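Please read the structure below before turning to the comments.
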Amino acid sequence: MVILKSAREIQIMREAGRIVAQCHAALAEHIQPGITTRELDRIAEKFILKSGGIPSFKGHHGFPACICTSINDVICHGIPDYTELQSGDVITIDIGVKLDGYHGDSAWTYAVGEVTPEISQLMKVTEECLALGVQQARPGNRVGDIGAAIQSYAEGYQYGVVREFCGHGIGRNLWEDPAIPHFGQQGKGMLLKPGMVIAIEPMITNGSWRSKTDQDGWTARTVDRSICIQYEHTMAILEDETVILTQL
Ligand code: MG
Ligand code: MG
């Protein structure tokens, strides 16, 4: 069931989203070779608590940390540990913040030092995929319009569009209806309406779209070890505009 949000609720979610964006900005300054993902998790947790929020992911279905740190072939849900970042890596940091009962959710991929031109292009195209998805997130369109725009653009570069993990509605719960696949058919799926708040979060690979999960039960990787990039924003669909909530 889709839960439409009032202007007041969207205002709270804007504040939750702002903390998410500020936390990303704070972490970005620390991303360099040698730092561990566990240190990044500690910095994020301190930042979120100091801002008056609660880390949404900690304990969510038993997730053991405050942020997800997904390096190179990890698609999502990487668990912070003592792994040190190395020059040439890409790391996706996914941050969720709960404020006054409502969540904000945004993931961003960062380059560590210099990455190859191939990875730079994958990053650029994935960011464009998010923008194309956001453009389709407007009243009167359907969920399938979002996925179709992302899929056709990414596949034009022979990239893989991860199927197993989707975007989602968000509000008092981190994951609400509708699910927002990043593939699909134009004109299909649920109608988008004003008051819907959703997260769009394409995960795009330079190889297969297929994934497998590590023995830890969380870490999802590409089956062919190809690189995966992800950008995610939480946004509110209004009558006449779509407002991204997780940016400064
Ligand atoms: Mg999400
Ligand atoms: Mg997320």
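Worth pointing out:
- Where strands (runs of 3 or more DSSP E) fall entirely within the range 51-118, those with at least 1 residues that are of a type in the set (Gly, Ala, Ser) and more than 12 Å from ligand 2 (Cβ to nearest atom) are at 102-111.
- Here Ile19 meets each of (1) touching a residue at least 40 places away in the same chain (Cβ under 8 Å); (2) more than 12 Å from ligand 2 (Cβ to nearest atom); (3) touching an Asp or Glu at 6+ places or on another chain (Cβ under 8 Å) with one exception, condition (3).
- From the options Ser6, Ser51, Ser56, Ser87, residue that is open to solvent by 70 Å² or more (accessible area, probe 1.4 Å) and not basic (Lys, Arg): Ser87
- The one condition in (1) touching an Asp or Glu at 6+ places or on another chain (Cβ under 6 Å); (2) within 16 Å of ligand 1 (Cβ to nearest atom); (3) of a type in the set (A, V, I, L, M, F, W, C) that Val112 fails to fulfil: (2)
- Residue count for the range 135-155, restricted to those that are open to solvent by 60 Å² or more (accessible area, probe 1.4 Å) and part of a loop (DSSP other than H, G, I, E, B): 1
- In the range 158-216, counting only strands (runs of 3 or more DSSP E) that sit wholly within it, the ones holding 3 or more residues that are under 29 Å from Leu99 (Cβ atoms) span 167-169, 176-180, 197-200.
- Within the range 183-208, being more than 16 Å from ligand 1 (Cβ to nearest atom), on the phi < 0 side of the Ramachandran plot and open to solvent by 10 Å² or more (accessible area, probe 1.4 Å) holds for Phe183, Gln185, Gln186, Lys188, Met190, Leu191, Lys193, Pro194, Asn206, Gly207, Ser208.
The values are calculated or read from the model by the stated rules, or taken from the named source; none is laboratory data. Owing to the predicted nature of the structure, the values given are computational and were not obtained by experimental measurement. Every residue, glycine among them, receives a Cβ derived from its backbone with ideal geometry; neighbour counts consider all protein chains shown. Ligands, DNA and RNA are excluded from the accessible area calculation, which covers all protein heavy atoms including side chains. Shrake-Rupley method; radii C 1.70, N 1.55, O 1.52, S 1.80 Å.
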